[in-house]
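Reading through the structure tokens given below for one structure.
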Amino acid sequence: MDAGALQTHLEALERALLDPAVRADRARLDGLIAEDFLEIGASGAVFGKADVLARLPGEIGVAYEALSMRVQRIGADVARVLYTVRREADGEARHSLRSSWWRLDADGCWRMVFHQGTPDTGAGTI
């Protein structure tokens, strides 16, 4: 996959994981997230795949908007996606900086293996 196609593909996967319909669908989440997945949330909490599959389908009233997404291929089977996200819940909007690592698995599917969200202090841009 060339750089442009990879950018388009991984951006679409990241945006899918922010879509309320996908977040509510345990089977779709399961297919996008690797078995050895680890997340460090903007809150500082650490989650594995089982935590995400249990938590996200019950999320209600939260909207996400991804901004300024950038994909960097790290190796033949690994890529990193950096972006800013706007999260709105209970009438309050917050911004965070996001980093996701994706791996091309043996079945030919890209799956997220790591994700970190950090509150955006405005001190820099991605």
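Every residue, every condition in (1) within 14 Å of the chain's Cα centre (by Cα); (2) over 22 Å from Ala3 (Cβ atoms), yes or no:
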site	(1), (2)
Ile33	yes, yes
Asp36	no, yes
Phe47	yes, yes
Gln72	no, no
Gly75	no, no
Trp110	yes, no
Thr121	no, yes
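Restricting the first member to segment 38-62 and to residues that are over 22 Å from Trp102 (Cβ atoms), and the second to residues that are basic (Lys, Arg) and part of a strand (DSSP E or B), the beta-carbon pairs closer than 8 Å and six or more apart or on different chains are Val62/Arg87.
Applying the selection to segment 25-37, what residues are surrounded by fewer than 17 Cβ atoms within 10 Å (Cβ to Cβ) and either in contact (Cβ under 8 Å) with a residue 40 or more places away in the chain or closer than 15 Å to Arg98 by Cα (or both)? Don't jump to the end; show me each part of the working.
Our first condition is that a residue be surrounded by fewer than 17 Cβ atoms within 10 Å (Cβ to Cβ); within segment 25-37, this holds for 25-28, 30-31, 35-36.
Gly31, Asp36 - these are the residues of segment 25-37 that are surrounded by fewer than 17 Cβ atoms within 10 Å (Cβ to Cβ) and either in contact (Cβ under 8 Å) with a residue 40 or more places away in the chain or closer than 15 Å to Arg98 by Cα (or both).
Values in this text are rule-based calculations from the coordinates and carry no lab data. Just so it is clear, the model here is predicted, and its values are computed rather than measured. Cβ sites come from the backbone with ideal geometry, for glycine too, and all protein chains shown count toward neighbours.
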